[in-house]
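Laboratory data are not the source of any read-out in this text; all were calculated from the coordinates shown. The structure presented is a predicted model; accordingly, all values stated were derived computationally and were not measured. All Cβ positions, glycine included, derive from the backbone under ideal geometry; neighbour counts span all protein chains shown.
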Amino acid sequence: MLEIVCPNCAAVNRVPPERAASSARCGKCKVALFSGEPAELDAASLARHIARNSIPVLIDFWADWCGPCKMMAPEFRKAAVALEPQVRLAKLDTEAAPSAAAAHGIRSIPTMILFRNGQELARQSGAMPAGQIVQWLRDALG
Ligand code: ZN
């Protein structure tokens, strides 16, 4: 069984791997576990996504005032469509959750950090197009 953290309510769902793809819904809030939309996280749900997901988690640390972040947003969404359900893509607003950004040593945005099994695997600062995000992530996962 895979543990998949709900992108909406952060409940931990146990899902058979063959069902993770498109059909699985959260047992608590009933939303689709994978919708092609990056999850919007706060400090608490970020910690839970990193700690509890069986699948790798890619976090985009961004802020509303950051032009390159806004340019990258649709690219990050395209990457989510390409990578789900093998990888969870999510965003953290560093203005809304500055302590979470500081805890992960975010010095410039956008910065993406890839986590697996609760550990940081790779990070990348600066905006990238979707194809490059997907390639970078596949290289990092090996
Ligand atoms: Zn839920």
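The table below gives the values:
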read-out	value
GNM flexibility winner over the chain from Arg116, Arg107, Arg25 (Cα, springs under 10 Å)	Arg107
Hits among lysines - C-alpha to C-alpha of Lys78 under 20 Å, sequence gap 8 or more where chains match	Lys70, Lys91
Proxy reagent accessibility, fewest Cβ within 10 Å first, across Met71, Met112	Met71, Met112
Rounded to 5, percent antiparallel among DSSP beta bridges of the range 1-110	35
0 to 90° range, to nearest 10: angle between helix 67-83 axis and the chain longest Cα axis	30
Highest average packing first - 121-133, 82-94, 43-55, Cβ atoms within 10 Å	82-94, 43-55, 121-133
Two-site FRET efficiency, Arg107 against Trp65, from Cβ-Cβ distance with R₀ of 25 Å, rounded to 0.05	0.95
Positive minus negative residues near Ala97 (Lys, Arg vs Asp, Glu; Cβ under 14 Å)	-4
Rounded to whole Å, sorted largest first: equivalent-ellipsoid semi-axes of the range 36-97, Cα gyration tensor	19, 16, 6
Partners for Lys30 among aspartates and glutamates (Cα-Cα distance below 19 Å; same-chain residues under 8 apart left out)	Glu3, Glu18, Glu40, Glu84
Gain upon complete extension [Arg123, Ser35; 0.36 nm per residue less C-alpha separation]	29.2 nm
Under 5 Å, built H, 5+ apart or other chain: amide partners of Leu2	Val15
Global geometry of the chain, whether rounded, prolate or oblate, following the gyration tensor of its Cα atoms and the 1.5 cut on a/c	prolate
Helix 130-141 axis, angle to the chain major axis (alpha carbon atoms, nearest 10°)	70
